Amino acid sequence: MPEQHRGRGPEWYAALCGSRWKNPVLAVLYGIPLVEIALAVPHAGLVQHRTAGLLSALAIAVATVWRERLLLPYCAVSAAGVVITGHLLSTTVACYTAVRQGRRAPAAALVLVSLVFAVVTPEALAAHAPHPEATLSGGALVVLVPVLLGHLARTNARMAALAAERRAQEDRLQEGRLREAALRQRERLVRDIHNGVGRQITVMVLQAGAIAVRKDAPEPVKERCRLISDAGRDAVEALREIVALAKTPDPGDAPPDGRRYALADLAPVIGRYRSGGHPVTVDVRISRIPPDPAAQDLAYKVVAEGLSNAARHARGAAVGIRIDQDESETTVAVTNEPPPPGGDPLPGTGNGLAWLRDEVRSAGGTLTAAPGPGGGFVLRARLPVPRP
């Protein structure tokens, strides 16, 4: 058999078993032999009338559609069908369904009714039903085979559930191993950052502090060294927050809240950039109700990123900061003029704007960074005002 044709039978059978047409199809397939037997052998049961047998067969076939939801009424109709028609085939689907659902009492009742009828009226079966169920052994076979099939189906369902549970446990174990590997990787990364960047910043702060206290150093040099020392201390504080976040026990757990900056925290930052040779102008227009803490924190980060980029790529250029707030949004814009000639830009990681854009987008805002009309650069963020 070609490879492309293999497995088509199980596929359509599984699709049928999982569809809403399963029970109607079974009712039709089950009703056909019931009706044929009722018409062919109308005097096998206790009610020796063709119409009664036909109505009984049709009732069982129709009730098969709702056999799983209405099992007890279906079992009662099937047992009545055995008594009326005298054919044990009337209880096969009911026995199978009861055993498959683990309903022992209805299954036992159906088996008992069928076998008792076969024992009490063997002459009716033998005289009026020349079929495989016409003998006592054949009747027992017709009754017990559905019980066996129902038990096998129930066992198969249990095995499938156990296999699914085992796969889920293996997935959880794999997820745990991945989390453990992520923890080790994160700890190693934090350790490398602490040992590399942290030590270099410490050396920078110490050297700048040593120059700032020298008596023979010019005052402008001392002021610049003090700025370097303050910036280094801020960097060490930020590094301490990163280490604290990285010590979260589980990557899936919520990390501890880091420091949130306010608009007032921009004053020393702007002061340091002014002392470093950047003319910085600030225009802040906010309503009587200031922005919420999250918006202020993002506004601080946007301004800090804009000043940092200006310092790296346009040293000495004038920088304008504008913060506007109305009822719908808070707008933050940092604009720097073109850099003076002869200045070499400082290198950066290239990730600051990308990370900031993701953070602003997560808060429902937008961040754009584009060249300005006069050759400079404009960093603008629009932050939504949360509804009360």
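Scanning region 252-267 for residues that are at pLDDT 85 or above and within 20 Å of VAL319 (Cβ to Cβ), which turns out nearest to the chain's Cα centre (by Cα)?
LEU263
Going by what's in this entry, would ALA14 be described as in contact with a His (Cβ under 6 Å, 6 or more places away or on another chain), at negative phi and at pLDDT below 70?
The answer is no for ALA14.
Residues being closer than 12 Å to GLY31 by Cα and either modelled with pLDDT of 85 or more or touching a His at 6+ places or on another chain (Cβ under 9 Å) (or both): count how many of those fall in region 61-80.
So the answer is 0.
Scan region 369-382 residue by residue and report those that are part of a strand (DSSP E or B) and either modelled with pLDDT under 90 or under 22 Å from ALA318 (Cα atoms) (or both).
ALA369, ALA370, PRO371, PHE377, VAL378, LEU379, ARG380, ALA381
Inside region 266-284, can you point out the residues that are outside any strand (DSSP E or B), farther than 14 Å from ASN336 by Cα and either among the aliphatic types (A, V, I, L, M) or touching an Asp or Glu at 6+ places or on another chain (Cβ under 7 Å) (or both)?
Within region 266-284, LEU266, ALA267, VAL269, ARG272, SER275 qualify.
When you check LEU125 against the structure, is it of a type in the set (A, V, I, L, M, F, W, C), crowded, with 19+ Cβ neighbours inside 10 Å and modelled with pLDDT under 75, yes or no?
yes
Does TYR30 satisfy the condition of being under 15 Å from CYS95 (Cβ atoms), in the same structural domain as VAL111 (by TED's automatic domain parsing) and at pLDDT below 80?
Yes: the conditions hold for TYR30.
Of the residues that make up region 352-368, is at least one over 30 Å from the mean Cα position of the chain (by Cα), assigned to a strand (DSSP E or B), of a type outside the set (Phe, Trp, Tyr) and crowded, with 19+ Cβ neighbours inside 10 Å?
Taking every residue of region 352-368 in turn, none turns out to be over 30 Å from the mean Cα position of the chain (by Cα), assigned to a strand (DSSP E or B), of a type outside the set (Phe, Trp, Tyr) and crowded, with 19+ Cβ neighbours inside 10 Å.
Can you name the residue in region 33-42 that is more than 57 Å from the chain's Cα centre (by Cα) and surrounded by fewer than 20 Cβ atoms within 10 Å (Cβ to Cβ) and is also modelled with the lowest pLDDT among such residues?
The extreme case among them is PRO42.
Determine which single condition PRO338 fails, assuming it passes every other condition in (1) under 17 Å from ILE270 (Cα atoms); (2) assigned to a loop (DSSP other than H, G, I, E, B).
It fails just one condition, (1).
May I ask you to say which residue of GLY53, GLY45 is modelled with pLDDT under 80, farther than 18 Å from TYR96 by Cα, outside any helix (DSSP H, G or I) and of a type outside the set (S, T, N, Q)?
When all the criteria are applied, what remains is GLY45.
The values are calculated or read from the model by the stated rules, or taken from the named source; none is laboratory data. Here the structure is a predicted model, which is why all the values come from computation and not from measurement. Here the Cβ is made from the backbone with ideal geometry for all residues, glycine too, and neighbour counts use every protein chain on show.
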